[in-house]
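Beneath this line is the structure, given in C-alpha cells, with notes to follow.
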Amino acid sequence: MTRIEALKTEVMGLTDTDRASLASALLYSLPATLSDEDEGIAEAERRDADLAANPSHGMTWDELKKGIGRDY
C-alpha cells in the first residue's frame with residue numbers, strides 16, 4: 001500500500017466535519033489556478049456579452065445536464 005493509499009484509508013475514518021476541514025486546508029494549501037489579474041472576470045464578461053448578442057450560443061439546463069452525463 002502506498003503512503004497516499006494509507007493516508008486515504010485513515011482519513012476516511014474521520015468524521016464528515018473533520019474530513020471537510022482537512023479537505024479545505026489541503027485545497028487552500030495549493031497554488032491558485034487562476035492567473036488572470038481579474039480572476040477570470042474579463043472572460044466571464046466576454047462570454048456574457050457573446051450570449052446576449054447570440055442567444056443561440058447558449059444551452060438549456062437540460063442540455064447541460066445531458067452533456068455532462070449527470071442527473072440533477
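No lab work stands behind these numbers, since they all come straight from the coordinates. If you're wondering where the values come from, they're calculated on a predicted model, not measured in any experiment. Neighbour counts are summed over all protein chains in view; Cβ atoms, including those assigned to glycine, are modelled from backbone coordinates with ideal geometry.
For region 33-72, a/c is not less than 1.5, where a ≥ b ≥ c are the root eigenvalues of the C-alpha gyration tensor, and a/b does not top b/c. That puts it in the oblate class.
In a reduced charge model with +1 at each Lys and Arg Cβ and -1 at each Asp and Glu Cβ, region 33-72 shows a dipole moment near 360 debye about its Cα centre.
On the basis of the beta-carbon distance and an R0 of 30 Å, residue 43 and residue 66 show a calculated FRET efficiency of 0.75. In the chain, helices alone account for a calculated mean residue ellipticity at 222 nm of -18000 deg cm²/dmol, with every DSSP H run of four or more residues adding -39,500 (n - 2.57).
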